[in-house]
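Laboratory data are not the source of any read-out in this text; all were calculated from the coordinates shown. What you see is a predicted model, and the numbers here were worked out from it, not measured in a lab. Note: ideal-geometry Cβ built from the backbone for every residue, glycine included; neighbour counts use all protein chains shown.
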Amino acid sequence: MSISIDLHAHSNISDGLLTPAELMEHAAMQRVDVFALTDHDDTAGLQIAESEAARWGMQLIKGVEISVTWKRRTLHIVGLKIDPEYPPLKEGLAKIRAGRHVRAAGMAAGLEKIGISGSLEGAYAYAQEGIISRTHFARFLVEQGIAKDNKAVFKRYLVKGKPGYFEHEWANLEEAISWITGSGGVAVLAHPGRYELGRTNMLLLLEEFRALGGTAIEVVTGSHTVDQYVEFAKYAHQFGLKASQGSDYHGKGISYMGMGRLPTLPGKCIPVWQDWDEVKHFVRKPEQDSPPVQLSL
Ligand code: AMP
Ligand code: MN
Ligand code: MN
Ligand code: MN
C-alpha cells in the first residue's frame, strides 16, 4: 500500500480559503493519509485539525510555516511535528503576528497614496480569526476590480518595489529553527526555488540552514517546476538534507497544485518522514464514503 503524504497546506487561520475542518475533509476526499497543516505564523487550527484527522482516518502532522528574514529577503521555514505549546515557539509566533498588523497598516498607507482607499478594512474583512497577510489584500483588490486575479494583483501592487509592498523584518533564521527544533519538531526550508537567490546565496543559505539544525528542504512543492524537483533533490543530496513534499494548497483557484496526487520524490531523496512512526505505523481505515459492500448470497 502506498501512503499519500502532503506536508504543506493552509487553512483560513492563515491565508487559505477553507476552515481547518473543511480542509481536513477536503484532504480526506483527496485520499491524503498523512497530512500537515502548516498555517503561516499561527498554530490555532491544529487542535481542530487533529480531531478531524481522527474522524477521517488520517494522520495529522502538526505544522507551521514561519516567516523569516534572511539577508533582507523573506524565506519560509516549515516546522513539522512541532509542539505548539512550547513557550518560545508560541511567543515567537505571537510576536510575528503582532508585526503583521503593523505591516498591514503600512501596506494600506502605500495603497492609499496611489488612490486606493479602504484596503485595511477590506483586507481584515477577509482575514477571519487568524493572521493578516498580503493574500487578504489581494482578495480585496480583486474584489474592487483593481486587478483581474490574484497573480496580477501581486505582480502590480504587492511585491517589492510596488505601492502596496511594505518592508518588514520577520524572525531571523536561527530563531525560527530553534523554536521548531526546541519544540521537538523538524525544520524544513519551504519552496527554495521561489527565492531567486542565485547559486552562491543558495549554497550559503543551505549551509547555514543545516548548521543551525535544519533537517530537510522541500523538493516537491506546488511552487516548483519539474526541473526544480531535480535541482533541489541534488542540493538536498549535496548537503545531506532530507526531502519533503507538500502541495502548499490554499484553496480552489489560488493553489498551484491540488492535494492527494503529488509527484513522487526523485530517487536519490531521503524522505523527511523516513523514520517517523506516524508513517511507518499508519494503517488506512476502510473507505469512509464508499457504498456498503453488497453481499451476494
Ligand atoms: P505574506 O506572508 O503576507 O507576505 O503573504 C505571503 C503569501 O502570499 C504566500 O504564502 C502566498 O500564499 C501568497 N503569494 C506570495 N506571492 C504571490 C504571488 N506572486 N502570487 C500569488 N500569491 C502569492
Ligand atoms: Mn500563503
Ligand atoms: Mn510559503
Ligand atoms: Mn505555504
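The trypsin sites (Lys or Arg not before Pro) of the range 36-126 meeting both criteria, a DSSP state outside H, G, I, E and B (loop) and at most 15 other C-beta atoms within 10 angstrom of the site's C-beta, are Lys71, Arg72. Relative to the current alpha-carbon distance between Glu167 and Arg261, full extension at 0.36 nm per residue lengthens the span by 30.2 nm.
In straight-distance terms, cross-link reach from Lys113 covers every one of the lysines whose alpha-carbon lies under 26 Å from its own, apart from those fewer than eight places away in the same chain; here that gives Lys148, Lys151, Lys155, Lys160, Lys162. Taking the chain as the reference, fit the longest principal axis to its C-alpha atoms, fit the long axis of helix 134-143 to the helix C-alpha atoms, and give the angle between the two in degrees, 0 to 90, nearest 10. Compared with the principal axis, the helix lies near 70 degrees. Determine, from the Cβ-Cβ distance of Ala54 and Glu143 and an R0 of 30 Å, the FRET efficiency 1/(1 + (r/R0)^6), rounded to the nearest 0.05. It comes out at approximately 0.25. Fewest neighbouring Cβ atoms within 10 Å first, the residues Val188, Val220 line up as Val220, Val188. Across the range 93-158, the volume of the C-alpha convex hull divided among the residues equals 76 Å³ per residue. A simple spin-label model places pseudo-atoms 7 Å from Cα toward Cβ; at Ser117 and Lys268 they are separated by 5.8 nm.
Computed from the Kirkwood radius of its Cα pairs, the Stokes-Einstein diffusion coefficient for the chain at 4 °C and 1.567 mPa s stands at 65 µm²/s. Placing +1 on each Lys and Arg Cβ and -1 on each Asp and Glu Cβ, with no other charges, gives the chain a dipole about its Cα centre of roughly 920 debye. Backbone amide hydrogens, once placed in the peptide plane, bring Lys62 within less than 5 Å of Lys81, Ile82, excluding anything fewer than 5 places away on its chain. Based on C-alpha pairs under 8 angstrom that are at least 6 apart in sequence, the chain has a relative contact order of 20 percent. With the helix formula -39500 (n - 2.57) applied to DSSP H stretches of n ≥ 4, the chain reaches a computed 222 nm mean residue ellipticity of -11500 deg cm²/dmol. Think of the range 93-158 as a dipole: +1 on every Lys or Arg Cβ, -1 on every Asp or Glu Cβ, centred on the Cα centre; then among Ala109, Leu158, Phe137, Leu158 lies furthest on the positive end.
Note on the range 150-248: semi-axes of the ellipsoid equivalent to its C-alpha gyration tensor, largest first and rounded to whole Å, are 24, 18, 13. For the range 182-297, the relative contact order is 22 percent, taking Cα pairs closer than 8 Å that sit 6 or more residues apart in sequence and dividing their mean separation by the residue count.
Backbone phi angles across the range 22-37, fed through the Karplus curve with coefficients 6.51, -1.76 and 1.60 (θ = phi - 60°), yield HN-Hα couplings of 5, 5, 5, 5, 4, 4, 5, 5, 8, 6, 7, 9, 10, 9, 10, 8 Hz in residue order; Gly and Pro are listed as x. For the range 30-138, the residue among Val68, Gly118, Leu89 whose Cα projects farthest onto the positive side of the dipole built from Cβ charges is Val68.
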